[in-house]
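Peer 1: Could you have a look at this structure, given as structure tokens, before my questions?
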Amino acid sequence: MAKIAVLDDWQGVARSSADWSPLMARAEVVFLAQAFTDEDDAAAKLADFEIVLSMRERTPLPASLINRLPKLRMIGITGSRNASLDTAACAARGVLVCNTVGGTSGTASRDATAELALGLLLAAARAIPAADANIRAGRFQEGLPVGVSLAGKTIGIIGLGRLGSCMANYCRALGMTVVAWSQNLAAEQARATGATLVSKETLLSRSDAVSIHLVLSPRSRGLIGAADIARMKPGAILINTSRGPIVDEAALLEAVQSRRIVAALDVYDREPLPANHPLRSAPNTVLTPHLGYGVQETWTEFYQQSMENALAFLDGKPVRVLAVGS
């Protein structure tokens, strides 16, 4: 009987998000809830599996790992791309790669991520997590920071694609002025979403809040560095629901520890965020554990299609093939 690993089920929702019974009748399906500690750990725990169903980019799948999995025949990915997967190594090994496509999950993950960015903005502006903690500790308003109204303030959107445009629309509904920048953004595109195109420097210095909506790439890695954070207004809010490495983590830590800006983060350089990471105890932060796209609608489609992909592979009739092994 084939062995199938369902990776990185951090919330423990994979089993209940799809009907796995047809696959379980044909294979041993193992749900792995914990992240691997490193590549050696992943290689040891996945050595006996023929099919690996991954979740986004949570577990990197480079050639160095793929080549240590002797029984591997198929990898399933969620979404249209996975920057941490070496498809060339899969082809060289004859490992088939199948993905999930379109439908509800594409719209849901886009909207859900932008909605979370808005939630982080509101939570940071009104100190909602601290207020909740106060109530639960038997206090009321004692010691809480005074919040700020967002109406009339300026939001800077870095990356005005699908997610960034959603965020721009939400912020305009709050009465905020929207400015935007990215390397390839045109003025016409910005105007179409009610935003004004400005330079990165102007955006950072003018905005009361900055929200990042970019794909991680060599060009965007480290895009927001120490000098950029230094340009931000005192008390400005930096929201990141994209990828941690877009922002210089050391510079961000210094800025929040000195209480110069507020960081509202859903993504980190390393995930899961280590238990002893200084961000966990840093002031001026609102932190969520990479919840962006993780809503019921996304999970249902991701896991149902992943199950179908594995079943079709076992039937010898693979579907949604992204890369064909040689």
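The values are calculated or read from the model by the stated rules, or taken from the named source; none is laboratory data. None of these values were measured; they are calculated from a predicted model. Heads up, the Cβs are rebuilt from the backbone with ideal geometry, glycines too, and the neighbour counts pull from every protein chain shown. Surface accessibility is based on the protein's heavy atoms, side chains included, excluding ligands, DNA and RNA. Shrake-Rupley method; radii C 1.70, N 1.55, O 1.52, S 1.80 Å.
Peer 1: Which far-off residues, 5 or more places away or on another chain, put their amide H under 5 Å from the one on residue 239, with H placed in the peptide plane?
Peer 2: 210, 211, 212, 264
Peer 1: Here's another thing I want to ask about it. State the Kirkwood hydrodynamic radius of the range 127-269 in Å, one decimal place, computed from all pairs of distinct Cα atoms.
Peer 2: 15.8
Peer 1: Check the straight Cα-Cα distances from residue 317 and name the lysines below 22 Å, setting aside those fewer than 8 residues away within the same chain.
Peer 2: List returned: 3, 71.
Peer 1: Just the accessible area for residue 9, please: 1.4 Å probe, Å², rounded to the nearest 10?
Peer 2: 10
Peer 1: Using a 1.4 angstrom probe on heavy atoms only, work out the carbon and sulfur share of the accessible area of the range 193-264 in %.
Peer 2: Whole-percent figure for carbon plus sulfur exposure: 53.
Peer 1: Can I ask one more? Just how large is the dipole of the range 1-112 about the Cα centre, in debye to the nearest 20, putting +1 at every Lys and Arg Cβ and -1 at every Asp and Glu Cβ?
Peer 2: Dipole size: approximately 300 debye.
Peer 1: For residue 84 and residue 25, what is the calculated FRET efficiency with R₀ set at 30 Å and r taken between the beta-carbons, to the nearest 0.05?
Peer 2: 0.45
Peer 1: Let me ask something else. For labels at residue 43 and residue 162 in the simple 7 Å Cα→Cβ model, what's the distance in nm?
Peer 2: Between residue 43 and residue 162, the label points sit 3.6 nm apart.
Peer 1: Right, another one. Report the one residue of 53, 303, 100 whose Cα lies farthest in the direction of the positive end of the charge dipole of the chain (charges on C-beta: Lys and Arg +1, Asp and Glu -1; origin at the Cα centre).
Peer 2: Most positive-ward Cα: 100.
Peer 1: Please give the per residue accessible area of the chain, computed with a probe of 1.4 Å over protein heavy atoms only, in Å².
Peer 2: I get 45 Å² per residue for the chain.
Peer 1: As a test of reading the structure, rank 266, 38 by solvent-accessible area (1.4 Å probe, protein chains only), most first.
Peer 2: Heavy-atom accessible area, descending, gives 38, 266.
Peer 1: Pop the C-beta distance of residue 260 and residue 16 into the FRET formula with R0 = 41 Å and round what comes out to the nearest 0.05.
Peer 2: Once rounded, the FRET efficiency stands at 0.40.
Peer 1: Still on this model: Leaving out ligands, DNA and RNA, what percent of the accessible area of the range 47-119 is carbon and sulfur, probe 1.4 Å?
Peer 2: Whole-percent figure for carbon plus sulfur exposure: 51.
Peer 1: Right, something else. Starting from the Cα of residue 288, step 7 Å along the direction of its Cβ; do the same at residue 230; then give the gap between the two resulting points in nm.
Peer 2: 3.2
Peer 1: Now, a different point. So how much slack lies between residue 296 and residue 251, counting 0.36 nm per residue of separation and subtracting their Cα-Cα distance, in nm?
Peer 2: Stretched out fully, the residue 296 to residue 251 stretch lengthens by 12.7 nm.
Peer 1: With every protein chain in place, what's the accessible area of residue 166 (1.4 Å probe, Å², nearest 10)?
Peer 2: 20
Peer 1: Also, quick follow-up: Charges at C-beta only: +1 for Lys and Arg, -1 for Asp and Glu. How large is the resulting dipole of the chain about its Cα centre, in Debye rounded to 20?
Peer 2: Here the chain has a charge dipole of around 620 debye.
Peer 1: Return the loop-located trypsin sites (Lys or Arg not before Pro) in the range 213-264 (DSSP other than H, G, I, E, B) with at most 16 other Cβ atoms within 10 Å of their own Cβ; answer none if there are none.
Peer 2: When the trypsin sites (Lys or Arg not before Pro) of the range 213-264 are filtered for loop state and at most 16 Cβ neighbours within 10 Å, 219, 221, 259, 260 remain.
Peer 1: Now, a different point. Report the relative contact order of the range 234-285, percent, no decimals, based on alpha-carbon pairs under 8 angstrom and at least 6 residues apart.
Peer 2: Relative contact order comes out at 45 percent.
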